[in-house]
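Here is the structure we will look at, set down as structure tokens.
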Amino acid sequence: MKNGVDASAIMKKYEVVIGLEVHAQLLTDTKIFCRCSTKFGAEPNTQTCQVCIGMPGVLPVMNRKAIEYAIRTGLAMNCSIAPYSRFARKNYFYPDLPKNYQISQYELPLCEHGLVEIIIDNEVKRIGITRIHMEEDAGKNIHEGKGDHSFVDLNRTGVPLMEIVSEPDLRSPREAAEYMKKLRGILRYLGVCDGNMEQGSLRCDANISVRPFGQKEFGTRTELKNINSFKFVEKALEYEIKRQISVIEDGGKIIQETRLWDSAAGVTLSMRSKEEAHDYRYFPEPDLAPVVVGQDWIAEIKKSLPELPDEKRNRFMTQYGLPDHDAELLTVERAVADWFELAVQAGSQPKAVANWMMGDLMRMLNEDNKSIEDVTLKPDQMAGMLKMIDEGTISGKIAKTVFEAMYRTGKNAEDIVKEQGLVQISDTSEIEKAVDDILAKSPGEIERFRAGDEKLIGFFVGQVMKATKGKANPKILNDLLIKKLRV
Amino acid sequence: MKLNEMTILGLRKLLDKREVTVREVVDDVYGRIDSVEDRVKAFITITREEAYKNTERAQEAIDSGRASLLTGIPIAIKDNMCTKGILTTCASQILHNFVPPYESTVTGKLRGQDCVLVGKTNLDEFAMGSSTENSSFHTTRNPWNLDCVPGGSSGGSVAAVAAGECIAAVGSDTGGSIRQPASLCGIVGLKPTYGRVSRYGLVAFASSLDQIGPITKDVADAAAMMNVIAGHDPLDSTSAPVASPDFMAALGRDIKGLRIGIPREYFIEGMDQDVEKSVRDAIKKLEDLGARAVEVSLPHTQYAIATYYILATSEASSNLARYDGVKYGLREPAKDLIDMYMNTRAKGFGAEVKRRIMLGTYALSSGYYDAYYKKGQQVRTLIKNDFDSAFRDVDVIVTPTAPTGAFRIGEKATDPLQMYLSDIFTISVNLAGVPGISVPCGFTREGLPVGLQIIGKHFGEETILQAAHAFEQSTEWHLRRPSL
């Protein structure tokens, strides 16, 4: 694959097949098999005990809350919940794994056969969930700045994890990213995971292959690891697709292997081949009883589930008359959806709230790398501002300035408008005076306008707005201009 | 009679009546240790200082009328149970310096009653063996004949009790490790139902088979110890959430009409004649006491040893993975991580432990799992079913505990298969998860003890204690002591 033009044509010959394995840390207060705290960021090895350190003779005791969280997730992702599931040992040696086996689930996972909906090009697409199983997290090795020694921090050891495995249903990096976003949204709605990829509470491995369109069999896949931010989900997959296609186009073969995403270099690198893959020697964990989940418990958890993103999206469409794009965007995050509804409840037009949130508010949040929970601006303050627009107190254009000031300072729109003197001028004679001033200075433009260049109306509006610091009531201004220019 | 020769219940009376002091008891125990331990070698660690320290507290409890069953009683603990602040080695070089920062549930219960902890006893490394010859420290001797093994893996605990170096002890039994040495040393050893006693803090060999139990001079003491150590433990998910009975209530009940099963597969041709005669005599004795002997069949007995050595080694290969030099215990210097793992484990583990880790690793490997581990689990179910169906017709099952009396040190050490066969009568009991007790029932011509195994239903400890006690009280085998 040599140059750009050819490349894009060649790329189009191939269908991409992606399945994701997502690890989500559960928001339980204590670890999965002992009572140590799961809080992030403590001094190394201060949140450990004999159990999570893997002392001789210790035994795991199941954290019921962790099971409950996994069942919540399974139900929210339309899985069937196994009445009988089992833990297994996954055996491998690594210093961050104190027992040198990880307690996980293998043959009988807790949740299976689910699905999650994403929206791609205004179409609903269903992504199958193969399984959700539970396991314990490993610790962290620390190599930097320790001379020729490495150290191990076992605070994270034993933090409960869910592994959510998708079917190979994703057909592009964008779909993968949308799916990740959806998963994160659901997990956060449920309150079972904070979804923070940078801190590692949400992690993603991707299985990816390509095949010529029309081919039935999957191509040979590679597994990508270390995709530790949302930004990198798409980037890593895009890189890997190009790499695989170029290997095939050059007459090579894809090797089944695990590859590591190097975010600094923007490439994936071979980590280990299939031949070097571990034999994990899974076998049922003899220290734990099988997990038996009664129908009563499932029913109880089901009853406690909050409204989920898809339901909420559908409701937003019917209840507020929002287009599906808006409804989807506003419901991915529960906090955003709640904010929206509070603003509407405070008396605003739903579509107006949606526009302001998806436009100015999200832009500013993105710029500041903040989430909606971080801002002091309250929904009823936005409602107050929208009311001032409706009542003609401020123009929509001025409102942008007002809104940004509200966002920055947390002050009410009324106060900002008063302080900065931004009240709209609706006094016709005052505006007429400004219009007359401008017209007097612009004989050339008037002539051209009257000769048919009606686009020049924008020029006149702009000049008057400039003179009135944007405060002129646009409707009155427009009417005046047309009246005077079309004489 | 010296105080160290007495039983728990005998001493309890004397202590509570203030006829003797704890200190006098402890003096006699350590006096005995001073005179015989260099020949018996039952202990890895002797905790004399701590024992004397606790003497006062125990005496205070007795004086103020707060004595429990084991207050002031000198007890020895197999060195594979974690004791906070006291070296716990599993007789392995890989844990030669390991001092646990926490207490096992069972030792916590014992120490909570202010028993006097005499010391930590020798065992086959990680409880893997039937003779204590696999200890990386030393081989324990059979008090009846110092040239013979005491059996294993709880050989240290058993020898200490038999030699009068403590009043009672606890051991662990994965395939016979309490009962077989008890048989070889002429004392009582009980393996409870799987799940009856907490495993928390017992260094795991094979998690689905390990069980802690009492090693005592008579049946009444075994029942007394069970009253202390049994019961559900929230820290052990495999401990059964069932109420613990008063095990001592079973003592003294007659056994008229008790149906005892004699499994035909356990009385095979070529079996040691002295053992067979002692066990046949014992069955007759039980019948004389009113029991009815019935032949039963445990048809999958012949697969028990193979099944055991697949399942136990599989679990062990994973359980022993944590000894890697990273966190505690031995760490051998090396140029990199893999080398550290390999050097540490090469030096830290003995030959039998390595053999079992390799066996288990192989049995769990992809491609072999179905043929070995999975098949083993299926056969295990069949063996359990054998017992379930036999117990529809009988109340207890009676067998020899071990196929021979004590063998000579070195005799089987180089032949693992011969060694494995010494557990042939005890292994099925662990696979089935049922309880079993060994009581003295005679002697071989060489003057070595023979044990009778009485096997019960799940959570049927009371019945086997009842039968064992009735048998014991009508014989005198348990009163004999080795002359050291």
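The values are calculated or read from the model by the stated rules, or taken from the named source; none is laboratory data. Every value quoted in this text rests on a predicted model; they were computed, and no experiment measured them. Positions of Cβ are backbone-derived with ideal geometry, glycine not excepted, and every protein chain shown enters the neighbour counts. For accessibility, only protein heavy atoms count, side chains too; no ligands or nucleic acids. Shrake-Rupley method; radii C 1.70, N 1.55, O 1.52, S 1.80 Å.
Computed values, structure above
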item	result
Selected from B:Thr121, B:Asn142, B:Gly152, residue furthest toward positive end of dipole (segment B:93-164; charges at beta carbon)	B:Thr121
Shielding of B:77-85 by partner chains, average beta-carbon count, 10 Å	1
Descending semi-axes in Å of segment A:340-432, equivalent ellipsoid built from Cα gyration tensor	24, 15, 11
Proximal charge balance of A:Ser85 [Cβ under 11 Å; K/R count +1, D/E count -1]	0
For A:Met465, net neighbour charge (Lys/Arg +1, Asp/Glu -1) across residues whose Cβ lies under 11 Å away	+4
Convex hull per residue volume in Å³, alpha carbons only, for segment B:114-163	70 Å³
Principal axes of the protein assembly as shown: Cα extent on each, largest first, Å	136, 73, 59
Peptide-level mean, for A:43-55, of C-beta atoms on other protein chains within 10 Å	3
About the Cα centre, charge dipole magnitude for chain B (Lys/Arg +1, Asp/Glu -1 at Cβ), debye	460 debye
Dipole magnitude (debye, nearest 20) for segment A:307-420, charges at Cβ of Lys, Arg, Asp, Glu	280 debye
Positive-pole candidate from A:Pro379, A:Asn91, A:Phe218, dipole of the protein assembly as shown, charges at beta carbon	A:Pro379
Listed peptides A:142-154, B:218-230, B:239-251, A:336-348 by packing density, highest first (mean Cβ within 10 Å)	B:218-230, A:336-348, B:239-251, A:142-154
Chain A: angle of helix A:173-190 to the longest principal axis, Cα-based, in degrees nearest 10	80 degrees
Cysteines, chain A, no other Cys beta-carbon under 4.7 Å	A:Cys34, A:Cys36, A:Cys49, A:Cys52, A:Cys193, A:Cys204
Apportionment of accessible area to carbon and sulfur, segment A:102-187, percent (1.4 Å)	47 percent
Mean separation of Cα contacts under 8 Å (6+ apart) over length of chain A, as relative contact order %	14 percent
Separation of the A:Glu367 and A:Glu311 label points, Cα + 7 Å toward Cβ, nm	3.8 nm
Chain B, relative contact order [Cα under 8 Å, separation at least 6], %	18 percent
The protein assembly as shown, accessible area per residue, ligands and nucleic acids excluded (1.4 Å, Å²)	41 Å²
Spread of Cα-to-Cα distances over 10 Å intervals beginning at zero, given as percent, for segment A:4-300	6, 25, 33, 24, 9, 2, 0
Cα→Cβ-extended label distance, 7 Å offset, between B:Glu49 and A:Arg35, nm	3.2 nm
Among A:His113, A:Ile71, B:Val188 the positive-end extreme of the charge dipole of the protein assembly as shown (Cβ point charges)	A:His113
Exposure rank, largest accessible area first [B:Glu60, B:Glu265, B:Glu287, A:Glu163; 1.4 Å]	B:Glu60, B:Glu287, B:Glu265, A:Glu163
Net +/- balance of residues flanking B:Ala304 in space, Cβ distance below 10 Å, scoring K and R +1, D and E -1	-2
Per-selection Rg to Rh, segment B:46-203 - Cα, Kirkwood hydrodynamic radius	0.97
Globularity ratio of chain B, using Cα Rg and 2.2 N^0.38 Å	0.91
Distant alpha-carbon pairs in segment B:262-378 (separation over 24 angstrom), percent	54 percent
Computed over segment A:308-450: relative contact order in percent, which uses C-alpha pairs under 8 Å that are six or more apart	16 percent
Residue order for B:His232, A:His113, B:His300 - accessible surface, 1.4 angstrom probe, largest first	A:His113, B:His232, B:His300
Calculated over segment B:99-185: convex hull of Cα atoms, volume per residue (Å³)	97 Å³
Summed buried accessible area for B+A [probe radius 1.4 Å, Å², rounded to 100]	2700 Å²
Förster radius 22 Å - calculated FRET efficiency between A:Glu167 and A:Leu260, Cβ distance, rounded to 0.05	0.35
Point-charge dipole on Cβ atoms (K/R +1, D/E -1) for the protein assembly as shown, about Cα centre, debye to 20	740 debye
Other protein chain Cβ atoms within 10 Å, averaged over every residue that makes up B:311-320	4
